[in-house]
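For reference, the structure discussed in these notes is given below.
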Amino acid sequence: MKRPVIAIDVDDVLADNAAGFVAFSNKKWGTTLTVDDYDEHWSDVWKTDWEETLRRRDVFLGSGAQNEYDYIDGAKDVLEKLKASYDLYVVTARMLRTKDDTQAWIHKHYPGIFTDETIHFAGVWDNPDKNSHKQTKADVLIGLGVDYFIDDQLKHCLGAAEKGITSIIFGDYKWNQAQDLPKNIVRCHTWREVEEYFANQH
């Protein structure tokens, strides 16, 4: 019998991305950003034009800063429990050029957790243009047969929910606030709440 599948995002769900990004930016470019200033549209965070945004993106991605990210508290313990009943996949919007670093980071902090050792890259930012923000991970999730999806970005949860995938919007971040959520999207502020949610699915 096929086990239900949970797909899990990397940044700000497994990895403390916003804090690491802000710290790097403040050190490298003298910004005074906080986590509340973070957004996936880096041009909005940096207040830079497209050309400068791409230049800074390449500096950031080439720096190895993502390799030094902390992990999100509680994630590993909860996933260790969930893997007994679910198949666990990693689905990220990171650029494909970060594949080796991302896999190394996952294997370091979450060894033996994921059913599929392959990290699935959604390709959202690999051909970046000003419409990248409209793309979601929904097609990748459908292709993987995902039943549940955990992500910190509202647009990805909404895209998945529209395809009938139950989604968990993770964290209480400034960038993922919403007044109303569809019935098949729930918010879990912490991994402990994720654990409680899945405990109630049986």
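The values are calculated or read from the model by the stated rules, or taken from the named source; none is laboratory data. Remember, predicted model here, so these are calculated numbers, not experimental data. All Cβ positions, even for glycine, are placed from backbone atoms using ideal geometry, and neighbour counts span all protein chains on display. Protein only, heavy atoms only, side chains kept; ligands, DNA and RNA dropped before computing areas. Shrake-Rupley method; radii C 1.70, N 1.55, O 1.52, S 1.80 Å.
Within segment 147-156, the residues that satisfy the criterion of being modelled with pLDDT of 95 or more and not aromatic (Phe, Trp, Tyr) are Asp147, Ile150, Asp151, Asp152.
Among the numbered conditions (1) under 29 Å from Ser167 (Cβ atoms); (2) exposed (fewer than 14 other Cβ atoms within 10 Å of the Cβ); (3) among the aromatic types (Phe, Trp, Tyr), the only one that Trp50 does not meet is (1). From the set of residues in segment 24-34 that are open to solvent by 60 Å² or more (accessible area, probe 1.4 Å) and in contact (Cβ under 8 Å) with a residue 12 or more places away in the chain, which is nearest to Asn176 (Cα to Cα)? The residue in question is Thr34.
Could you tell me whether Lys83 is of a type in the set (Lys, Arg) and at pLDDT 90 or above? So Lys83 passes the test.
Inspect all residues belonging to segment 10-23 and state whether any of them is at pLDDT below 95, buried (at least 17 other Cβ atoms within 10 Å of the Cβ) and within 16 Å of the chain's Cα centre (by Cα). No, the conditions are met nowhere in segment 10-23. Taking segment 48-80 as the range and being modelled with pLDDT under 95, aliphatic (A, V, I, L, M) and within 26 Å of Glu195 (Cα to Cα) as the test, no residue passes. Residues being in contact with a Lys or Arg (Cβ under 8 Å, 6 or more places away or on another chain) and charged (D, E, K, R) are entirely absent from segment 69-84.
When each of Leu88, Leu96 is tested for being within 21 Å of Glu196 (Cβ to Cβ) and in contact (Cβ under 8 Å) with a residue 24 or more places away in the chain, the lone residue that passes is Leu88.
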